[in-house]
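Engineer: Right, I'll just put the structure down here and ask away after.
The values are calculated or read from the model by the stated rules, or taken from the named source; none is laboratory data. All of these numbers come straight from a predicted model, not from anything done at the bench. Neighbour counts are summed over all protein chains in view; Cβ atoms, including those assigned to glycine, are modelled from backbone coordinates with ideal geometry.
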Amino acid sequence: MKIYLSLILSLLFFGACGQTNPLQHTLYPEEIMLKLKKEIGLKNKKFNPEKRGGLYRARPQGNAVYVKIEGVNAAKVNELIAKNSSLPELKRLYPDLKVTPDVFFIKGRREEGTKKVVFQTIRIADDGHTEILSPNATDYDQDLSGKWVADYYKGPRPEADVLLALLIREEFKRSELPEKARLAIEYTDYMIDTNTYIYKSDKITRARFYNLKPSRIDTLIRKAKADGIYPVKEKERSIAQKRDLEEFLTKTTEVILKEGPWGFEMDQFENHVELYLSKEKALELKRRRRVMGSCSMDNGPIIHATNIARLAGETCCMEIFLRSHLDILNDNFERMIDASYAQPGRKTYGKELEALGVDFRYLVPGILLRADHFAVNHYYGELNRTGRAMAELDSKAAVYRTIETLIADRKLDLYNRLCLVFFAEAYNYNLKKLSLTTEADANLKRLKVLTADFPVYVNAPLYKSIDGIITPSGDF
């Protein structure tokens, strides 16, 4: 008990900013890993790849001309576009009109004021991207080939007005995702429960792991400890104090679960609940609040997510374990400031999932693909972080072959093939950082062959990115 308590309390003195990460090698003790491996093994055995699930339809996408104009003429061009004026006419009337002749775009649904649909140009390399919002909800499913979509921003004065617009050349035919992609998505949704959310509250706490003076709770703990050799009366008094503490923790836990977390000592309190009451109650408390990092070097959100994942594993709460661990892998946390220099120092801990038997051949594409009709709480991965995590796996070659197969599949829509190409670039970039340059170069050479059928306006910047002439984006 004393050793375990000292390990827990050591976290309390971890500084929120500028300190080293205490999570050095593996996130979970061996006994927890064994329990989790058994649970994941059972789920893998029950997964039936032959069972037909949902149909996933590619998101609307296509080719367009992108135009932009700023200043006093923006309002005039907006009026002409509303009248369906031709592009040559606009260029003749307004020579300052900025025109990009070929862009690849996708549509998405988004509620933002009166706007319902977003048209997003895909940044392939360093050519930038933009978003154009439409108030017409029907624009999502309609084929708008040959039509304008415009977004006019009225500034505080006419000189500050901006107009962004797309002239849709062609909307591609929407298709269902092929069988291999469907299988990856269904495995992901099977392993990562889509009916459960990690957090039961939107309450956000920021301050964590400060070098505080002994708190009221710590004082109570010291008074309540019943270990050691005491005279009979003193031992009875100590046991009574311990009983009083447990009652105090129980009542306080009930109040917090009802009214929400109440301050900077929640970490200490949760740890004591785990030690003196139950892991289930401690997990319930931790799920009642989110942690926001106060700076780039603040590992508080990672520690909080790790504790949730650990407690989920210890209590066999598998419906949130994988989701919480994947948040760590994808660095899916809020921070008030997040400078890029701090990001390489955040480990992915992908090897833990590999050791547990998670099948990354399905999971990686399953969290990276995008389509309509996904489960509401489907888990979405981040391209660059997932690429880095996969480069660290022992099974990386087998996983990468699956990715290459999907990229080569012409039944898969262009948007998803591009997603996987950006992931492949991040993966091979990290292979080079691990001194696996020969393997990475061979992969990149094949990548150009696999994307040879992409449109020229996509491949031109993409090949420069693959060749390392320009920095890959992976930006959506």
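Engineer: Looking at segment 410-419, can you tell me whether even one residue there is closer than 21 Å to A58 by Cα and surrounded by fewer than 16 Cβ atoms within 10 Å (Cβ to Cβ)?
Structural biologist: Yes, there is a match, as at least one residue in segment 410-419 is closer than 21 Å to A58 by Cα and surrounded by fewer than 16 Cβ atoms within 10 Å (Cβ to Cβ).
Engineer: Restricting attention to segment 278-322, report how many residues are among the β-branched types (V, I, T), part of a helix (DSSP H, G or I) and more than 22 Å from N377 (Cα to Cα).
Structural biologist: Final tally of qualifying residues: 1.
Engineer: Condition first: among the basic types (K, R) and touching a residue at least 60 places away in the same chain (Cβ under 8 Å). Now tell me which residues in segment 382-429 satisfy that.
Structural biologist: K411
Engineer: Here's something else I'd like to know. Can you find a residue in segment 429-451 that is over 24 Å from R174 (Cβ atoms) and under 21 Å from the mean Cα position of the chain (by Cα)?
Structural biologist: Yes: segment 429-451 contains one or more residues that are over 24 Å from R174 (Cβ atoms) and under 21 Å from the mean Cα position of the chain (by Cα).
Engineer: Name the residues in segment 409-428 that are closer than 18 Å to F172 by Cα and part of a helix (DSSP H, G or I), would you?
Structural biologist: Answer for segment 409-428, where residues must be closer than 18 Å to F172 by Cα and part of a helix (DSSP H, G or I): L414, Y415, N416, R417, L418, C419.
Engineer: Next question, about the same structure. Looking at K76, K91, which one is surrounded by 14 or more Cβ atoms within 10 Å (Cβ to Cβ), free of Cβ contacts under 8 Å to residues at least 24 places away in the same chain and either farther than 30 Å from D193 by Cβ or of a type in the set (S, T, N, Q) (or both)?
Structural biologist: Every option except K76 fails the conditions.
Engineer: Looking at D151, D143, which one is touching a residue at least 24 places away in the same chain (Cβ under 8 Å) and either in a loop (DSSP other than H, G, I, E, B) or assigned by TED's automatic domain parsing to the domain that holds A82 (or both)?
Structural biologist: Testing whether each residue is touching a residue at least 24 places away in the same chain (Cβ under 8 Å) and either in a loop (DSSP other than H, G, I, E, B) or assigned by TED's automatic domain parsing to the domain that holds A82 (or both) leaves just D143.
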